[in-house]
1. Note the angle between two axes, namely the Cα long axis of helix 58-104 and the longest principal axis of the Cα atoms of the chain, as a number of degrees from 0 to 90, rounded to the nearest 10.
2. If I stretch the segment between Ile141 and Met125 completely, what's the gain in nm (0.36 nm per residue apart, minus their alpha carbon distance), one decimal?
3. Which one, (i) 2, 9, 19, 20, 20, 15, 9, 5, 2, 1, 0; (ii) 2, 8, 14, 17, 16, 14, 12, 9, 5, 3, 1, 0; (iii) 2, 9, 14, 14, 12, 10, 9, 7, 6, 5, 4, 3, 2, 1, 1, 0, gives P(r) over Cα pairs in 5 Å bins from 0, in percent as derived from the coordinates shown?
4. Return the FRET efficiency for the residue pair Arg40, Leu76: r is the Cβ-Cβ distance, R0 is 25 Å, and the value is rounded to the nearest 0.05.
5. How high is the FRET efficiency between Leu132 and Val47 when r is their beta carbon distance and R₀ equals 35 Å, given to the nearest 0.05?
6. So for Asp54, Asp43, fewest C-beta neighbours within 10 Å to most, what's the order?
7. Relative to the first principal axis of the alpha-carbon coordinates of the chain, what is the inclination of helix 110-140, with its axis defined by its Cα atoms, in degrees from 0 to 90 and to the nearest 10?
8. Taking the chain as a Gaussian network, Cα atoms linked when under 10 Å apart, which of Gly29, Gly75, Gly120 shows the biggest mean-square fluctuation?
Amino acid sequence: MSFFVDPSTVTHGIQLAVAPVFLLTAVSGMIGAVAGRLARIIDRARVLEERLRDSADTEFIKGAYAELVRLRRRGLLANGAIGFLTLCAFMIGLTIILLFLGETTAFQGESWAIVSFLFGVFCFMLALSCFLAETWMATRILNFGKPKS
């Protein structure tokens, strides 16, 4: 069987491309975690909206609308995190392609691979920031048994 490139070159290209794959694994885990949080936010908002339709208690209505505003903000942060994670995964995939092509062909894309990898990591950091803000908002409303002042 004849190869158009040296098999050792292909092996080295695969080795270079494997390292970013570990970041893709972390990204997929984060997407799962954030998607789960978003699902709970949506479920809670649906329950509140249903209870609002059936309620005439003005105090409950006022509190429910305030909670819906917080849930909307949390949902936007979770959506932002998912968007940044998706962009991160795309950029890491592009990095893998560029590294592999650079190693197995005459394509000189190493500088583009660096840019795409760094942009992917930057998107991952932005997603983590959104995730941190969303979890902070979620726990800020809890009083853990403390009496309201």
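1. 0 degrees
2. Answer, rounded to one decimal: 3.3 nm.
3. So the structure-derived entry is (iii).
4. 0.95
5. 0.85
6. Starting with the residue having the fewest Cβ neighbours, the order is Asp54, Asp43.
7. 20 degrees
8. Gly29
We did not get these values from a lab; they are worked out from the coordinates using the rules stated. None of the values given here were measured: they were computed from a predicted structure. So basically every Cβ, Gly included, is an ideal-geometry build from the backbone, and we count neighbours across all protein chains shown.
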